[in-house]
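Working notes, structure below.
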Amino acid sequence: MKYESQKVAYWFFSTCMLLFVLQILYGFIMGFAHMGFDNLHDFIPFNAARATHTNLLVVWLLTGFMGAAYFIIPEEADGELYSVPMAYIQLGALVVVGVIAIIGFHLNWWEGRKFLEIPRGLDFLVVADVLLFLFNIGMTMLRGKRSSSTAIVLYSGLVSAALLYLPGMIYFDNQLFDSYFRWWVVHLWVEGVWELIMGAILAYLLIKLTGVDREVIEKWLYLIVGITFMSGILGTGHHYYYIGAPEYWLAVGGIFSALEPLSFLGMAIYAVFMMRKGQRNHPNKIALFWTVGCAIMSFVGAGFLGFAHTLPQVNIWTHGTLVTAMHGHLAFWGAYAMIVLAIISYALPLLTGRKLWDTFSSQFAFWTSNVGMIGMTGAFAVAGIAQVYLERISGMDFLRVQEELEVHFFGLILAASLFTVGIGFFIHNFIRYGTPVEHTGVVEEVYS
Ligand code: HEM
Ligand code: HEM
Ligand SMILES: [Fe+2]
């Protein structure tokens, strides 16, 4: 670690771990409810559990991206962070807003807009917090001695993500318009600007871990950014097929979204290629596993399973079923959860001065969580396909179908338990690293 101020990242990463555990807990509450054991219904109804599960996911990922930026930017810009106290205030404020939102969901204070359930009043606090973060990182870049493409792509991704939050805050009393602009946030985040954040963290990690020239890695990063925008922006149309939007979206959405997997495929090929080309034998192998694993799994979850239901001929049947949950889990996991776990695995030894990368728990965590998540994806897929046949093709009543599907959620719970054991090991390793200590330079020596 070159700069003392990079240590603030540690507290962002530990917040991530805490929120991740809570997210999983709410996943289980829903899993059991789907199995027919909805015993907590009076206190935590399904809608509250669902909003909590998905919002916690988004918040822990954003906290992870912020931690990654606080870790990466000082080094890339070659200068200390602009203000360390500001970073802590910003983290504290984010946690406070998050806690209020989650308590609110349980008291039925929410907006029934999937992924944007946080009431609009709180949205303003989120915006203020993110502006503070962007200011701190922006000033660090301006004051630094160097400017790199990786830092610019990371910052552009973060700024665009903040800007794209705004369309979701406009109030419409028309369901179609509300839905139309909700996708500017949800779709253009995960299939647009978050990919820039992911691509930049991926590039940073590949530069560090493989030793391939920065010029080569950053050139490919630009190409991937290009493909992302070329396909992802008009690809938004795959959410406009049957919501009452103009009919031309059937063609536009179908064609452009079908091209979206190319950028994920590009990232997977690029990561594997750089790993093979790299001459460097970096000691932190597990960080490389998470990095390359992220590139591959994001292609499977987002690219391949996204393509599986993106054409209008398929989506007319699968829309809003558990087929969507199948894709949503593996895509979020592969692309965004894994990149956060990758940067944590790389940064923790530097932040804490301890060399614990080569342990049984770190290896076990990687494999078990990934196999568990693939199992969960399979369980959702089977349940989703059964749902489409029973509900949409045979015309069976919605709630009758839910009963028929209960058995599949036993499989989901089993796979999710395996996944949770893996994450338990990851967190165990995280805790063993301990908190940041005085700089010894030991890890830097092994890393360089
Ligand atoms: C990392 C990137 C991605 C993530 C995290 C992601 C995640 C999600 C999530 C959570 C949903 C449900 C959204 C909602 O109903 O509010 C969704 C829907 C959808 N995604 Fe993705 N996705 C990604 C990439 C892709 C790609 C590349 C494609 C196409 C090739 C795709 C195709 C779709 C389609 C068609 C839907 C609508 C499903 C429906 O009609 O119910 N996704 N995605
Ligand atoms: C490990 C335990 C987990 C369990 C048991 C679980 C279970 C569930 C269930 C039952 C749903 C609701 C499906 C429905 O609408 O009926 C759901 C939604 C969702 N979960 Fe999880 N989940 C877990 C972990 C995760 C993780 C680790 C991620 C992300 C990396 C994730 C991402 C999501 C997303 C994006 C949705 C919304 C999907 C959609 O829009 O259709 N979950 N989860
Ligand atoms: Fe989309």
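Bear in mind that the values in this text are calculations on the coordinates, not laboratory data. Because the structure is predicted, anything quoted here is derived from the model rather than measured. All Cβ positions, glycine included, derive from the backbone under ideal geometry; neighbour counts span all protein chains shown.
The alpha carbons of the range 120-192 give a radius of gyration and a Dmax of 14.9, 50 Å, in that order. For the pair V95 and F43 in one chain, pulling the backbone fully straight at 0.36 nm per residue adds 16.4 nm over the alpha carbon distance.
For the range 176-235, the direction-averaged projected area of the alpha-carbon convex hull comes to 4.0 nm². Calculated FRET efficiency, H282 and K145, Cβ-Cβ r, R0 22 Å, to nearest 0.05? It comes out at approximately 0.30.
Computed extension gain for F172 through L107, at 0.36 nm per residue and net of the alpha carbon distance, reaches 21.0 nm. Put simply, the range 282-448 fits an ellipsoid with semi-axes of 40, 16, 10 Å; these come from the alpha carbon gyration tensor as the roots of five times its eigenvalues, largest first.
Its alpha carbons give the range 1-146 an Rg and a Dmax of 17.6, 59 Å.
Efficiency by 1/(1 + (r/R0)^6): what FRET value for K355 and V159, r their Cβ-Cβ distance, R0 = 41 Å, to the nearest 0.05?
According to the calculation, E is roughly 0.70.
Check every DSSP H run in the chain and write down those whose alpha carbon atoms cover 20 angstrom or more along the long axis and whose mean Kyte-Doolittle hydropathy is 0.5 or greater. Span-like helices, by this rule, are 8-35, 46-77, 84-106, 120-143, 149-165, 194-210, 214-235, 261-277, 338-352, 360-387, 398-433. Put a dot 7 Å past the Cα of V127, heading toward its Cβ, do the same for S417, and the two dots end up 4.7 nm apart.
Kirkwood hydrodynamic radius for the chain: how many Å is it when counted over pairs of different Cα atoms?
One over the average 1/r among Cα pairs gives 22.4 Å for the chain.
Taking G395, G254, G301 in turn, the Gaussian network model of the chain (Cα-Cα springs below 10 Å) assigns the largest fluctuation to G395.
In the chain, taking the dipole from charged Cβ atoms about the Cα centre, the farthest positive-side position among F380, A295, F135 is held by A295. The dipole here belongs to the range 282-448: it is taken about the Cα centre, uses +1 on the Cβ of Lys and Arg and -1 on the Cβ of Asp and Glu, and is about 240 debye.
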